[in-house]
1. In segment 149-188, how many are open to solvent by less than 20 Å² (accessible area, probe 1.4 Å) and either charged (D, E, K, R) or in a helix (DSSP H, G or I) (or both)?
2. May I ask you to say which residue of S107, S102 is polar (S, T, N, Q), farther than 17 Å from L34 by Cα, at pLDDT below 95 and touching a strand residue (DSSP E or B) at 6+ places or on another chain (Cβ under 8 Å)?
3. Restricting to segment 14-42, name every residue that is open to solvent by 60 Å² or more (accessible area, probe 1.4 Å) and touching a residue at least 60 places away in the same chain (Cβ under 8 Å).
4. Looking only at segment 137-148, which residues are in contact with a Ser or Thr (Cβ under 9 Å, 6 or more places away or on another chain), in a loop (DSSP other than H, G, I, E, B) and open to solvent by less than 30 Å² (accessible area, probe 1.4 Å)?
5. I'd like the residue in segment 119-136 that is aliphatic (A, V, I, L, M) and either within 27 Å of N195 (Cβ to Cβ) or surrounded by fewer than 16 Cβ atoms within 10 Å (Cβ to Cβ) (or both) and, out of all such residues, is farthest from the chain's Cα centre (by Cα).
Amino acid sequence: MEPASGAQRALAEAEHAVSSEVPPSRRQEILEYLKLFGYKPDRTIIQVHITGFFNKKGGGAPPREAAKREAAAKRYGGTTFVVVGRTHDPAIMEQVIKPRKSAREASPGYVGYLWQNRDRQLRPPHEVIPLDFTPVHVPYPKDWKDVFATKGFLLAMHVPSSFAKEKSGLARALYRLGKGADAKGPWTFLKELKNFGYKPQQQQQQE
């Protein structure tokens, strides 16, 4: 086994520092947070995009995909695609399934996706997402950003079609509660957000 490089040691130290600053239940908190959007561990695909390049040209979605999204938005009363949070840990680049060449050309910031069916160890996305993951609208800690020294990565997913019209309520609640939340502390705001999150009994077949 080759010895770890300086960069690898620095990354391992940064990840250890993050893990020591978040609650032991953080992985479960990530799962509960994603469930607010209709996340299913065994089915949902989480896309990963470089911050600042999300849906930028190369052009955003290809014409066929853009038309499909527009039609879905009209049909369901809202878009089904939503950014759920971010990470600055570059280790996520090693975990994603690489996208097709055509997808990279359409959106140069798209680095890949997390999906249990394609993971080498069959892990669901919430078990792979780095522990520095911070929900959208919750301030990302500056010291974490400095230690990882990356532009950051946005994580996005499709919500169930039946939740498309309702997700704006969740977004507003996240904005209201997230601004004053501490990413490192327990995510106590999850309890209140459950009132606005996806209800399993609403589920319909996602387009």
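The values are calculated or read from the model by the stated rules, or taken from the named source; none is laboratory data. On a predicted model such as this, the values are computed, not experimentally measured, just so you know. A quick note on method: Cβ atoms are made from the backbone with ideal geometry, for glycine too, and the neighbour counts reach across all protein chains shown. Accessible surface areas use protein heavy atoms only, side chains included; no ligands, DNA or RNA. Shrake-Rupley method; radii C 1.70, N 1.55, O 1.52, S 1.80 Å.
1. Qualifying residue count, segment 149-188: 7.
2. Working: S102 fails: touching a strand residue (DSSP E or B) at 6+ places or on another chain (Cβ under 8 Å).
After ruling out the rest, the residue left standing is S107.
3. Looking only at segment 14-42, we keep the residues that are open to solvent by 60 Å² or more (accessible area, probe 1.4 Å), and these are 15-16, 20-21, 24, 27-28, 35, 40, 42.
Scanning segment 14-42 gives E15, E21, R27, K35, D42.
4. Of segment 137-148, the ones in contact with a Ser or Thr (Cβ under 9 Å, 6 or more places away or on another chain) are 140-141, 144, 148.
Narrowing further to those that are in a loop (DSSP other than H, G, I, E, B): 140-141.
Within segment 137-148, P141 is the sole residue that qualifies.
5. Filtering segment 119-136 down to residues aliphatic (A, V, I, L, M) leaves 122, 128-129, 131, 136.
From what is left, the residues that are either within 27 Å of N195 (Cβ to Cβ) or surrounded by fewer than 16 Cβ atoms within 10 Å (Cβ to Cβ) (or both) are 122, 129, 131, 136.
Values: L122: 18, I129: 8, L131: 12, V136: 9 Å.
Per the stated criteria, the residue is L122.
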